[in-house]
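The values are calculated or read from the model by the stated rules, or taken from the named source; none is laboratory data. These figures come from a predicted structure and were not determined experimentally. Counting neighbours? That spans all protein chains shown, and the Cβs are built from the backbone with ideal geometry, glycine included. Quick note on the areas: whole protein, heavy atoms, side chains included, nothing else; ligands and nucleic acids left out. Shrake-Rupley method; radii C 1.70, N 1.55, O 1.52, S 1.80 Å.
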There are 2 protein chains.
Amino acid sequence: MDKSFVLRGNICYSKNMRELHTVPRGYLVCENGRSAGVFRELPGAFKHLPLEDFGERIIIPGLIDLHIHAPQFSYRGLGMDLELLNWLDTYTFPEEAKYKNIEYARRAYADFVEDVKKGPNTRAVVFATVHVLATELLMDMLEASGLVTMVGKVNMDRNASPDLQEESAEASARATSEWLADIAGKYKNTYPIITPRFIPSCTDELMRALKTIQAEHGLPIQSHLSENKNEIEWVKELCPGSASYGDAYDRFGLFGGSAKTIMAHCVWSDEDESDLIEERGVFVAHCPQSNTNICSGIAPIRRYIEKGLRVGLGSDVAGGSDTSLFKIMRSAIEVSKLRWRLVDRCDTPLTVGEAFFLGTMGGGEFFGKAGSFDEGYEFDAVVLDDTNLKSPLELSLKDRVARIVMYADDRNIDAKFVRGTKIL
Amino acid sequence: MDKSFVLRGNICYSKNMRELHTVPRGYLVCENGRSAGVFRELPGAFKHLPLEDFGERIIIPGLIDLHIHAPQFSYRGLGMDLELLNWLDTYTFPEEAKYKNIEYARRAYADFVEDVKKGPNTRAVVFATVHVLATELLMDMLEASGLVTMVGKVNMDRNASPDLQEESAEASARATSEWLADIAGKYKNTYPIITPRFIPSCTDELMRALKTIQAEHGLPIQSHLSENKNEIEWVKELCPGSASYGDAYDRFGLFGGSAKTIMAHCVWSDEDESDLIEERGVFVAHCPQSNTNICSGIAPIRRYIEKGLRVGLGSDVAGGSDTSLFKIMRSAIEVSKLRWRLVDRCDTPLTVGEAFFLGTMGGGEFFGKAGSFDEGYEFDAVVLDDTNLKSPLELSLKDRVARIVMYADDRNIDAKFVRGTKIL
């Protein structure tokens, strides 16, 4: 019953893509870790619950990061002078190889977990490295943080550096099974996710083995799709029989359908590939900072939304610079404006409300019912103090939220609840 | 003599566009408010000066904002759903009209000055509003802050809202002369600059009068150029006799030459216009955040640099979101990558070192010798503490500076010197 209480404050959340709902000085009820709704007046049925009044502060759902690489947090903001494939070889693979050393992993992952915990995100879908021990350590640390996460031990059995690449498809699959056995039943808020890095680093044999493991355990899947033009050309060479990059996953059953799947990026997915994404119910993790930093391009998010694709946002650290999903919302709006101006006048820019939806409810759907305060949603909430964002104007609640999206950092986070537990 | 001292720390500054120079644990000498140079070992001649040791902290030149609208700080981060001309009519002009009320101006400008003071910028070139009293108040407040600024009372005698537009060219010119008389000899660090808002808001008669005032006082000039395509079309209609938007200033003698001039934006300047910018020695204030936020486009900065144009950076608040020039450097790098990817593969992306140059020495040249630590430069320095930017890696000094450009906020500013005076 300690997960039943009432919060009072200025409440703002998405009800759908088009409706950013605000309730000034409203009541947000948590019952057994789930939202029982938002009210202008507190219904009698909830008057017995403990109430915390946050005054003029703002309460929003926790933000949800659909794509982040935990081991890359160590070099965020550095080495962004290359495109994807060279960037992986030059910066990423040498850094990820270090996570074989568990003491290095402990130090680096502590920084990562601390940073996400003190920010506005409450959930994340995470790439670890190929290393089983370091991945388990990361999951232990994330569980201790109180965040809700899905974490993937990465699979790579070709085209990586020798110190990172796994010995064989069989060794990679075996390590994955060992990892899943080790963590079985261990966590409340931390879940495994099958993680073939991307087509260029996984042989057909490995993909088949991962499908077997995925189906056996009923696990979700995450990977990368159509991020960079050279990458797409390479996939064509590696998989001459595939109709598209997406199809190269799909022919192994690792592309949605019964297996809940996130594909990060989809910057260059054409009509056929986006049809397949739609048919299979695959989630698109839009990573605008990363797509800018490593010169990938600007994904046609307006087109995807109009087509009915499921879209959320990803920080993609260290391709992306910031873990805070506020910064990713801001970036999503910014690049959508440049796309409209410079690439396609049909793709109208994203509004603040739309970006807010993508970073909460849009990504939240991958976790089930998360990212909103409508009744029945899991109770993730962030309380924001925006008094440092001065203005001589009378700002509406929506204006205040727009300013938070633009400017908030960890100083603005006053409290944070995940599944009804206060973690900050 | 209190403006002669030595600072010790990790020193980083641009020597030119291509060379970002670092001296770990070096000595930076200030003599009478100017740099006497940076040294690995302190020369005997300076050993008698007081020395402040900043340990492992980083010391860089103060950052220089070539274009900001002080009265727009109040609504930064809001109302960015329109393009330039509608944005001006809907958000900007109604807000600027409020500065007729001196008490409103006092409240709003206090927020603005406080924000810039606590950030990394030491100098700025500032648009005020048309109002003489509020402009003088702003100059008083900026002088008190210790920052070095050029501030312009804005001139507008057409196409503005009735509550903002000045009565006539003659009234606008007379107000400008009164303003200059009022402030004559009043400040040490605050200078007037002639500020026709842009061609659409200034009649030919006003432009001629401003040229007379400019020449009489030997003042610099600031305005806007080729920001938005609709704006450019409008200027063509208003000035059928001009060869280009730039030429519409030039035919009044308000475009460089003997009059030091900044033109903000230059997003769409063609070959002829950029030739004229080069010939007249006009400074380009590149405002990448603003050009993104109000959908103007991405200026071809690589082309301008290769052509030999003088380029600095501008925050252009409230078209831009942030006053910190670090954020503008970051944005300049980001949009240059998208331009290279999506618009013109000849315009290679800006490096961190190049963006750092633009935000220090590039803009600094407009103030004379500012923006570097080479001998003879005015002594503006910012001391940065980056201990909150954790990493398990051994970072070089250049890496640390790259991370500061990406992530620093006011918490990282440990001390700030302007013209040899410690203001923070």
So what's the Cα pair-distance distribution over chain A, bin width 20 Å, in %?
28, 58, 14, 0
Put a label point 7 Å from Cα along the Cβ direction on B:Lys186, then list its distances to the equivalent points in the other copies in nm, shortest first.
6.9
In Å², rounded to a whole number, the accessible area per residue of the protein assembly as shown with probe 1.4 Å is 34
Taking only the Cα positions of the range B:319-424, the convex hull volume per residue in Å³ is 148
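So which trypsin sites (Lys or Arg not before Pro) in the range A:176-260 end up in coil per DSSP with only 12 or fewer other C-beta atoms within 10 Å?
Working: sites: A:Lys186, A:Lys188, A:Arg197, A:Arg208, A:Lys211, A:Lys229, A:Lys236, A:Arg251, A:Lys260; in loops: A:Lys186, A:Lys188, A:Arg197, A:Arg251, A:Lys260.
In loop regions of the range A:176-260 (DSSP not H, G, I, E or B), the sparsely surrounded trypsin sites (Lys or Arg not before Pro) are A:Lys186, A:Lys188.
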Could you state the orientation-averaged shadow area of the convex hull built on the Cα atoms of the range A:149-214, in nm² to one decimal?
4.4
Hey, got a sec? Which trypsin sites (Lys or Arg not before Pro) in the range B:320-424 land in a DSSP loop and have at most 14 other Cβ atoms within 10 Å?
B:Arg345
Mind pulling the angle between the C-alpha long axis of helix B:169-183 and the longest principal axis of chain B? Nearest 10 degrees, somewhere in 0 to 90.
30
Could you check which residue among B:Cys295, B:Cys266, B:Cys346 shows the biggest mean-square fluctuation in a GNM of chain B with a 10 Å Cα cutoff?
B:Cys346
I'd like the interface area for chains B and A: accessible area of each alone minus the complex, both sides summed, 1.4 Å probe, protein heavy atoms only. What is it in Å² to the nearest 100?
4200
Carbon + sulfur, % of accessible area of the protein assembly as shown - ligands and nucleic acids excluded, 1.4 Å:
49
Please compute the average number of Cβ atoms from other chains found within 10 Å of each residue's Cβ in peptide B:70-83.
4
Any idea what angle helix B:325-342 forms with the longest principal axis of chain B, computed on alpha-carbon atoms, 0 to 90 degrees, nearest 10?
70
Cβ-based charge dipole, the protein assembly as shown, positive-most Cα from A:Leu219, B:Leu225, B:Gly33
B:Gly33
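Have a look at the DSSP beta bridges in chain A and tell me what percent are antiparallel, nearest 5.
For chain A, the DSSP antiparallel bridge percentage is about 40.
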Cα convex hull of the range B:266-320, projected area averaged across orientations, nm²
3.4
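Rounded to the nearest 500, what is chain A's calculated 222 nm mean residue ellipticity when only DSSP H runs of at least 4 contribute -39500 (n - 2.57) each, over all residues?
Rounded to the nearest 500, the figure is -10000 deg cm²/dmol.
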Pick from B:Val148, B:Val125, B:Val284: which is most flexible by mean-square fluctuation in a GNM of chain B where alpha carbon atoms under 10 Å apart are linked?
B:Val148
Using the C-alpha gyration tensor of the protein assembly as shown, what are the square roots of 5 times its eigenvalues, in whole angstrom, with the largest one first?
47, 30, 27
The helix B:204-217 Cα axis meets the longest alpha-carbon principal axis of chain B at an angle in degrees, between 0 and 90 and rounded to 10, of 40
Find every distance from the label point of B:Leu85 to the corresponding label point in the other copies (7 Å from Cα along Cα→Cβ) and write them in nm, one decimal, shortest first.
4.6
Taking the alpha-carbon distance from A:Lys98 and a cut-off under 24 Å, which lysines remain once sequence neighbours fewer than 8 residues away in the same chain are dropped?
A:Lys117, A:Lys153, B:Lys390, B:Lys398
Taking Cα atoms of the range A:94-144, Rg/Rh with Kirkwood Rh, to two decimals?
0.96
Suppose you put the label 7 Å out from Cα in the Cβ direction; list, shortest first and in nm with one decimal, how far B:Ile102 is from each other copy's label.
7.2
Virtual spin-label span in nm between B:Lys186 and A:Arg251, 7 Å along Cα→Cβ
7.6
Based on the Cα coordinates of the range B:114-231, what is the per residue volume of their convex hull in Å³?
119
Gyration tensor over alpha-carbon atoms, the range A:1-131, equivalent ellipsoid semi-axes in Å
42, 17, 12
Sticking to Cα atoms, compute the Rg of the range A:214-333 to one decimal and its Dmax as the biggest Cα-Cα distance, whole number, in Å.
13.9, 41
